[in-house]
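Participant: Here it is, the structure in full.
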Amino acid sequence: MTREDVTDLIYSVKVEKGIKWADVAKKVGQSKEWVTAACLGQMTLTKEQAEKVGKIFGLPPMAVKLLQVVPYKGSLPTAVPTDPLIYRWYEIVNVYGTTIKELIHEEFGDGIMSAIDFKMDIVREPDPKGDRVLVTLNGKFLPYKTY
C-alpha cells in the first residue's frame, strides 16, 4: 500500500458515504482546508489525527500509519494543470503573479510569503448576481537575509 492508495481509499469512502470535509475537520480538530490537504496526501497527520481519520473512513492499520509519514508534496499530474478549476488558479498566477510579487515587495521588502507558516480559508459569499468564492491565503513574510 502506498500513500497514493490511501488517498484513493479515503476519496472512495468519502464519495460512497457522502462524507463532507468540514465534518472530518471538526472531528480531527483542524481547519477544513488543512484536513482536506492532509487527506489528499499533502500534509502529515499526527498519530491521534491519523487514528481519527482512520476511524472516519474505516482505514486499515497500514493506511493509518502512512497518514503519519511525511508526503511528497505537489500533487498536480502535469506542469500545466488541465482541470478547469485548478487551471484558473494557474491563470490567476500567470496574470496577477507579477502584481502580487510587486505589491508584496513594495510593502514588505525582498522576501517571500511562507507556504509553511500559512493558513487558508475558503468560504461561500452570497451574491445576488451569483455566489462568489472567497479565498484567503495568509502566510508569514520571510525576508531574504544577507550573509
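The values are calculated or read from the model by the stated rules, or taken from the named source; none is laboratory data. Everything numeric here is computed off the predicted structure, so don't read it as measured data. When we count neighbours, we look across all protein chains shown, and the Cβ atoms used for this are built from the backbone with ideal geometry, even at glycine. Just so you know, the surface numbers come from the protein's heavy atoms only, side chains and all, with ligands and any DNA or RNA stripped out. Shrake-Rupley method; radii C 1.70, N 1.55, O 1.52, S 1.80 Å.
Participant: Quick one: residue 89 ticks every box in (1) over 22 Å from residue 139 (Cβ atoms); (2) part of a helix (DSSP H, G or I); (3) of a type outside the set (D, E, K, R) bar one, so which box is it?
Facilitator: Of the numbered conditions (1) over 22 Å from residue 139 (Cβ atoms); (2) part of a helix (DSSP H, G or I); (3) of a type outside the set (D, E, K, R), the odd one out for residue 89 is (1).
Participant: Separate question: Residue under question is residue 79, and the condition is that it be without any contact (Cβ under 8 Å) to a residue 40 or more places away in the chain, of a type in the set (Gly, Ala, Ser), open to solvent by 60 Å² or more (accessible area, probe 1.4 Å) and assigned to a strand (DSSP E or B); does it hold?
Facilitator: no
Participant: If I go through the range 51-64 residue by residue, how many of them are more than 14 Å from residue 26 (Cα to Cα), assigned to a helix (DSSP H, G or I) and aliphatic (A, V, I, L, M)?
Facilitator: Matching residues across the range 51-64 total 3.
Participant: Has the range 25-36 got at least one residue that is basic (Lys, Arg), within 23 Å of residue 117 (Cβ to Cβ) and modelled with pLDDT of 95 or more?
Facilitator: Checking the range 25-36: at least one residue is basic (Lys, Arg), within 23 Å of residue 117 (Cβ to Cβ) and modelled with pLDDT of 95 or more.
Participant: Select from the range 35-50 the residues that are under 11 Å from residue 7 (Cβ atoms) and outside any helix (DSSP H, G or I) and list them in ascending order.
Facilitator: Hits for the range 35-50 are 40, 41, 42.
Participant: Quick one: what pairs do we get from the range 95-112, first residue more than 17 Å from residue 138 (Cβ to Cβ), second among the aromatic types (Phe, Trp, Tyr) and open to solvent by 90 Å² or more (accessible area, probe 1.4 Å), C-beta under 9 Å, 6+ apart or different chains?
Facilitator: 109/144; 110/144
Participant: Which one is farthest from residue 115 (Cα to Cα) among residues in the range 1-24 that are surrounded by 13 or more Cβ atoms within 10 Å (Cβ to Cβ) and hydroxyl-bearing (Ser, Thr, Tyr)?
Facilitator: 11
Participant: Could you check the range 43-76 and list, in sequence order, the residues that are open to solvent by less than 30 Å² (accessible area, probe 1.4 Å) and modelled with pLDDT of 95 or more?
Facilitator: Scanning the range 43-76 gives 45, 49, 50, 53, 54, 57, 59, 63, 64, 66, 67.
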